[in-house]
Structures are given as C-alpha cells and as structure tokens.
1. Looking at region 337-367, which of the residues that are of a type in the set (Val, Ile, Thr) and touching a helix residue (DSSP H, G or I) at 6+ places or on another chain (Cβ under 8 Å) is nearest to LEU318 (Cα to Cα)?
2. With respect to ILE159, determine if the residue is modelled with pLDDT of 95 or more, crowded, with 24+ Cβ neighbours inside 10 Å and more than 9 Å from the chain's Cα centre (by Cα).
3. Filter region 215-227 down to residues that are in contact with a helix residue (DSSP H, G or I) (Cβ under 9 Å, 6 or more places away or on another chain) and assigned to a loop (DSSP other than H, G, I, E, B) and give me whichever is nearest to SER317 (Cα to Cα).
4. Any idea which of GLY112, GLY187, GLY92 is over 15 Å from the mean Cα position of the chain (by Cα) and at pLDDT 95 or above?
5. Looking at region 277-286, can you tell me whether even one residue there is in a helix (DSSP H, G or I) and at pLDDT 80 or above?
6. Just give me the residues in region 140-156 being buried (at least 24 other Cβ atoms within 10 Å of the Cβ), of a type in the set (S, T, N, Q) and either farther than 20 Å from VAL283 by Cα or at pLDDT 95 or above (or both), in sequence order.
7. VAL331: β-branched (Val, Ile, Thr), farther than 22 Å from THR220 by Cα, open to solvent by less than 60 Å² (accessible area, probe 1.4 Å) and touching a strand residue (DSSP E or B) at 6+ places or on another chain (Cβ under 6 Å), yes or no?
8. Are any residues in region 327-338 modelled with pLDDT of 95 or more and within 17 Å of GLY202 (Cβ to Cβ), and if so, which ones?
Amino acid sequence: TPLSSRTMSFACLTPSPCVVQAGRVAPSRPGVVSRWSSTAAPRRRFAERDSSSSSCSVSSPRGASPSTATRASSSSGSSTASPFAQLETLLGAASAAANASSGDRGWREVEGAWVLAPPVGVKPRALVHFIGGAFVGASPQLTYRLFLEALVDTGDCVIVATPFTIGFEHLRIADEAQFVFDKAFRGLGPGVTNGLPVFGVGHSMGALMHMIIGSRYALTDRTANVMISFNNKPATDAVPLFAPAVAPGLRSFASTLQQINDSPFLVPLKGVDSRMRQQAPSVLKELFPVLDQIEPVFREVADGAKEFVPKPDDTKSLIRKYYSVRKNLLVRFVDDTIDETGILAGVLTDSSAISTTLDLSVKSLAGDHVRP
C-alpha cells in the first residue's frame, strides 16, 4: 500500500479523557485469549464516540480495575512527588489492578516485545510501536496496561511494546528498542503487518527515544509519531540518585559495593532469591524487570556517570538536524510539572530539517505526568 494512502485519525491514539476516565470500567470480557486462537469471540467494544460531543462512556474489555487516572492520582500533587515515590505508587497500583497475568489478557511475547492485537475476526487498522517511560517502561504490558488495551479496543491497533532498561546511554537504548521492534515486526509476519500504517507512540522518556530513533533511522513505513509528556531533562533532574549531594558519596562506595556483590557469602542468598522469583505469581514476575533496574542505576552513579549520552542539548541538535517523521502529535497534561513538549515543538519548528514539510499538532489534556 502506498505510504500516501496509509492515513488514520490520531483520535484513537490520543490518551483522551474518554479512554482513561476514572471509575467507569465494565466487567471482564470472556474469551480474551481468542486473540491468538482460531475461534472468534464476542467483542465488547468501547461505547461509540459521538463526534459532535466531547464526552463518552467507557467499557473495559479486560476486567474491573482502577483507571489510570485513579491509580496515578491526577491531582497536581503527584507531579511534585519524588520520582521514586511516583514509581512506588505506580507499581503498587499496577500490581493491585492486575487481576490476571498479561498472557491471560491476550498479550504475548514476540522476539522480546510484548504484543497485543484485536480479537480474531477484527481486522487491525494500524500497528503501534510503544515505548514507555523511565523504569516503568521495563514492563509496559503491565504498567501501561489500561492505556494500551484502550488503544486496541478503540482503534483496532496491534500494539508492539518494546521494554527497555533505563541507563545513561540514550543512543544505545533507542537502538535496542528499534532493534527489538524490527525483530517483532518480522516475527509477526506479513499476515499481521502487511499494509498496516505504523505509528510510534511514546510516553516521557519513551517519547525521547522515539525522537532519537526518528533521527537515526530512515523510517520509511512510519505514518506518524505521537509523543506524550516529552521529557529531555539532564541527569541531575531525571535520576534521583544523581543529586549533587548524593552522587559523590555513592562514588566513594563504588569499590565497596562491587566487593560486597562479588562476595562468595552472597551466593546462597542469591540462590534463595532465584527460587523465590520462580515461585512468585505470574503478575509479580512481570514487575521484576522494573525493580531490577534500580541497583544498576545506583551502580552507574557510583561508578561516576555524570550525564546522559548524548547530553540534552546534543539530543536537541540531533533532532533538529536529522529528525525525519513528518506527521507528529504532541500531547501534554496541564498539571505536568516536568513536561517539555513546548521545547520539543520549538525544536521541530525552528529551522529543523523537517520544518518545511512538518505536520505538527499539539494537544493539552487534563492530568499530570503519570496519567498514561
């Protein structure tokens, strides 16, 4: 299908209030596992959206659970909490809301990515490459479950969510995310992907990764990108352990930390930890990748990591010179205190390589940074 004919409304890719409205979810839909079976199951759809009205009702296809807006506490107070406090809140809410494993809810792993498709019998209209935010992006099928499942049910999208482990080397993280996506795309096969328009959707650090990917790769099949709560802050603002008063002390303990970790006395304890992980409930196992990132970041700071690579200013220069995805939707939340959507819009429109052909829209929604 010619690229010019691959058009699709951004409406189904916008995390609008009608998708994540608090407390308006319906009971579990039977037959969710039929996404990957040969027998079609009844499809409970979100209520049809009246184009003449700004409100709509919501039915969740996968069970009664708190909405994203509820679990993230959309008040401005959650935006001012420390990043680790927000992480703890999100993990607790994600665990409480998960009344079944991701596999039971229709997700499957394909070449390192988490994939969710519309039920059998429903023809997909688009394929979405999703990248989540720092830390929580390690288990997107769990931490972004409500948002991504809403995209599938309102937009008939195939979701390919690429997990990543947070670190200071942004180019490596972006390259690995694109590599995993390419493998998963091929793994799904032409029967699923052939002719589908491809959208990139990223939240927070995931939006930054999509901007880097769009600056380093010729994404000839990319219809558009949707950047939610874009953030490109320096390490001193983005990583709690990197505070000037904390990092020097951590670095002085770097050798001690390494000796403790390599101690033979810890081998039995590590074996116990391994057995406990194997026996943990499936939902809890899906949270391990999020929790396992904290120690490596701690070590990177202790080992002398000073700033992301590339630095924020260098990343902006990279985007300005090489970003090549023409259609873009930027989404910000009005109570988001760390959002840099305005800065990104300025970079794209101010003498960038894509500025003369840029198709850019900016949308503001109620909520804060952790709403998706």
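The values are calculated or read from the model by the stated rules, or taken from the named source; none is laboratory data. Values in this document were obtained by computation on a predicted structure and should not be read as measured data. Positions of Cβ are backbone-derived with ideal geometry, glycine not excepted, and every protein chain shown enters the neighbour counts. Please note that ligands, DNA and RNA were not included when accessible areas were found on the heavy atoms of the full protein model with its side chains. Shrake-Rupley method; radii C 1.70, N 1.55, O 1.52, S 1.80 Å.
1. VAL347
2. Yes: the conditions hold for ILE159.
3. TYR217
4. GLY187
5. yes
6. Correct list: GLN141 only.
7. Judged against the criteria, VAL331 is a match.
8. LYS327, ASN328, LEU329, LEU330, VAL331, ARG332, PHE333
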